[in-house]
Structures are given as C-alpha cells and as structure tokens.
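Down below is the structure, laid out as structure tokens.
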Amino acid sequence: MENILIFASSLSVLAFWIGLIKPTWVGMPNRKRSSLIYFSLSIVLAVVTNYLFPTKKSAEEVAAAAERSAQSAREAKAFKHSTVTLSKYQSKPQAERRDIVSSFLISEDIPESTLSKFYNCLSEYSATKSDGLQIGLVLDWCKKEYVKDPSSLDARMNFDNFFDNFSRWDGSYTPLVTVIKSGMNDEDSYKHVKTSYRLIMNDKPHAFVTTIFSGTNAFGGRVKNTIIADVDIKTGRIIDILGDN
C-alpha cells in the first residue's frame, strides 16, 4: 500500500509538470486547472503516506542516524598513529608523544590512569628496539603485557631525561661535556668528535656514555681524548667517570 501511494504521488508530480507544458495531455482544459488539481493531489498523497506509514519511515531514519553516529564515533576513537616509526615518534616533543599514547589508550578502552605505564613502556622499547618498528605494533606488545599482568609495566623505564641530555646539534651528552671542560687546560679549545652509549638493562638500568673529543694541552698542541661515564638512565645524571685517556 505504501508503495502504491508513493507511486501515485510521483505520477501526480509528473502530471503537474506535464500540465504546465500541455494540459490536454493530462486531461485538463488549461494550465491553471491542471496545476491546481495535480499539485493539490501530490500534496494530499504525500500527507496521507506520511500519516499512514510514519513508524516504519521513522525507524529507518533513526537506524540510519544511529549508524552514522556510531561510524563517526568509531572513526574518532580509532588510533591514527599506528604506522609511525619508533625513530619518528622519539623525535616528537614530549607533550605530543604523551598525546599519542593517550589516543592509543582511548582506542583500546584502557584506563587513562595507565598513561605513564604505557608511555614508559613505549619509551623503553624506543631505546632498545629497532628504529624502524611501528609504534602500533610496539604498543600492542605493551598492551599484551598489561592484560597478562597490569603490574608488569611498572618496571618499564622512562628514557626522557637520558635522551634529553643529548645535544640535537652534535650528539654530545651535555652533563659529560660539562665534566670534560672542567678538567681541560683550555675549555674554549674543546671540540666534540663523537659520542656513543651502551645500555645496561638490569635491576638498576644505566648506560655507559663514551665521548671522543679534542683540545689543546699545556704546550698548545691539540690532542684527542676519550672519556667514559656511567649514567643513571632515569635521572640522566652521571653516576661515575669510569676512565679517560
């Protein structure tokens, strides 16, 4: 019945437009009468259709609207940084990195209170795994650890203080540069050559930071030296100077 009424209403609209062109084609003596009758008929049929079949149409509209809302919610909730590599992630400002981890927690329905745990987990993996790994995969590792045992992430280390001490200009380790210059004959002659580090991930994670540098001696000659520092990863502070030559 609904389809019949819709069809009749469509025919009335068609007849209205045809009547404007040639009224006799729709059985009317003139355009005024044709327009009045067929326009009124199309309105009446539309009203009757909506009156007789409101529930079905309303339900369809509600379902469609609900699906659109659900789709929008899914898109807003989805984690959009899965393909970012660890090296790219690590190069971002700290606030942005925290926002990325937070968006992962939202996408996985994990409590926001775990943000620091997941942030530290990703931080540690960024320091100890291949730079080319994608953070979506790495965060999934953190999630599996958390699901298995939420306390397992407590031991994960935040490397921010350690990495923030490396100069973005030449890669030198700032606290170690300070120590080196304090023991030089002429600190203005200091020239950084290379800095590298080796991580020791035991009960008290630390790193051996090695710097090669050059400077002038008491005789004015430029000499090259190497110095090694034991560094606390959590604080970024130097624990001890292990040797120099």
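The values are calculated or read from the model by the stated rules, or taken from the named source; none is laboratory data. These numbers were taken from a predicted model, which means no experiment stands behind them. No Cβ is skipped: glycine too gets one built from the backbone with ideal geometry, and neighbour counts run over all protein chains shown.
Tabulated results
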quantity	calculated
Test: residue in the range 199-214 that is of a type in the set (Lys, Arg), modelled with pLDDT under 95 and not assigned by TED's automatic domain parsing to the domain that holds GLU96	yes
Options VAL231, VAL223; residue that is crowded, with 16+ Cβ neighbours inside 10 Å and either out of contact with any His (no Cβ under 7 Å at 6 or more places or on another chain) or not in a loop (DSSP other than H, G, I, E, B) (or both)	VAL231
Whichever residue in the range 133-173 is touching a helix residue (DSSP H, G or I) at 6+ places or on another chain (Cβ under 7 Å) and part of a loop (DSSP other than H, G, I, E, B) and, among such residues, is farthest from ARG97 (Cα to Cα)	SER167
Some residue of the range 78-85 being surrounded by 10 or more Cβ atoms within 10 Å (Cβ to Cβ), modelled with pLDDT under 90, in a helix (DSSP H, G or I) and among the small types (Gly, Ala, Ser)	no
Test: GLY183 is touching an Asp or Glu at 6+ places or on another chain (Cβ under 9 Å) and surrounded by fewer than 16 Cβ atoms within 10 Å (Cβ to Cβ)	yes
